[in-house]
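The values are calculated or read from the model by the stated rules, or taken from the named source; none is laboratory data. Every value quoted in this text rests on a predicted model; they were computed, and no experiment measured them. All Cβ positions, even for glycine, are placed from backbone atoms using ideal geometry, and neighbour counts span all protein chains on display.
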Amino acid sequence: MKKILIPIFIVMAFVLGMVFSELILDGINNLIQSDFFNTRGAVERKLDRQIEEYEKLKDRLDRKTGAVSSLLEEMQQKDFQELTKEELLAKTRAPEEGKVRIEAGMGEIYFKPKGGEDPGVNAVRQALNEKFKTILDVSGDILQDKIADLNMELVAMNNRLKEKNLVLQQNLLELEKYREALDRQQEYIGELKDIQSDLNSKVGELQTKIENGRLRVDFKGDILFESGRHTLTGKGKKLLGSVAPVLLKNMENNDIFIAGHTDNVPIRPDSRDKYASNWELSTFRAVEVVKYLAEKGIKPASLTAAGYGKFKPVADNDTEEGRSRNRRVELFLIPRIIRR
């Protein structure tokens, strides 16, 4: 019987020791206000504290998440492309004193802090603001350099434009003078047509034509001169005598140019002592006409003579008809404005 009671007593003592030891250890922990002994109550209290800390961390994390989301939303609402156009690109101002100046308006990209936000979020925002400010400062320096270069180019362009404007004004003045001269020339051409009509009505043996602003009168050489001679024939003097009065009354604004021409037939041997070639013969004939017109009252200063010999034919010298046409004297009535 005693042998049975001893094990039971030992077990009961162990159980009671376990129960009361937990209470004793908890009492000691409470007394020293610490969970020095790892009792069940201590473990539960530690667990409660961990749960409470978890809840605080979770709440803090939720607040940080909300603040970051707010910051991201604010950043997304910032129209950086529009800001770049408005703030970073050059803006022109009205030119003054003929100069063009371009200046850039610089803007700031700042995120305004919101109340109740986490200090970490504000630190991120501050760092972003500093970064943007640095970018703007660098961009501003680059932009100002480009603007300075552009201003110099614009000044150079303005100078070139001024020079071109001066040239243009000079050209316009010259053009206006030319237009006035052209109008006067048209008036003179009208006068030449009147003279041509007068000559054709009074002298029937002439060929007249207005070309290049001049009135050309053709005289057949065979009418004015004998073959191989430069002395005017009676018929030639009569013809020139009928032309001279018409010319004389129209010499106020005109000059007369006489051109002598021959065919390609060489000078006869018996005349070579006077005319070495057809050049001399054509020149002598032109001078003879000039002298005759001067005798009729036309001022010598308005008369010019030239000889072209055989070198300006108007027809083929291989036929008698062509050679006859080439033996001629041309009288040009030239308005002085055209001659100038």
Original post:
Restricting attention to region 247-265, which residues are exposed (fewer than 14 other Cβ atoms within 10 Å of the Cβ) and either at pLDDT 95 or above or among the aliphatic types (A, V, I, L, M) (or both)?
Top reply: Leu248
Subject >> Scope region 224-246; condition in a loop (DSSP other than H, G, I, E, B), at pLDDT 90 or above and surrounded by fewer than 14 Cβ atoms within 10 Å (Cβ to Cβ); matching residues >> reply: Glu226, Thr231
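Can you say whether Tyr292 is of a type in the set (Phe, Trp, Tyr) and touching a strand residue (DSSP E or B) at 6+ places or on another chain (Cβ under 7 Å), as far as the supplied structure shows?
The answer is yes for Tyr292.
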Original post:
Residues Ser282, Ser277: which one is over 20 Å from Thr208 (Cα atoms) and surrounded by 21 or more Cβ atoms within 10 Å (Cβ to Cβ)?
Top reply: Ser282
Subject >> Where a residue in region 201-223 is among the polar types (S, T, N, Q) and its partner, wherever it lies, is assigned to a strand (DSSP E or B), with Cβ under 7 Å and at least six apart >> reply: Gln207/Asp218; Thr208/Leu215; Thr208/Arg216; Thr208/Val217
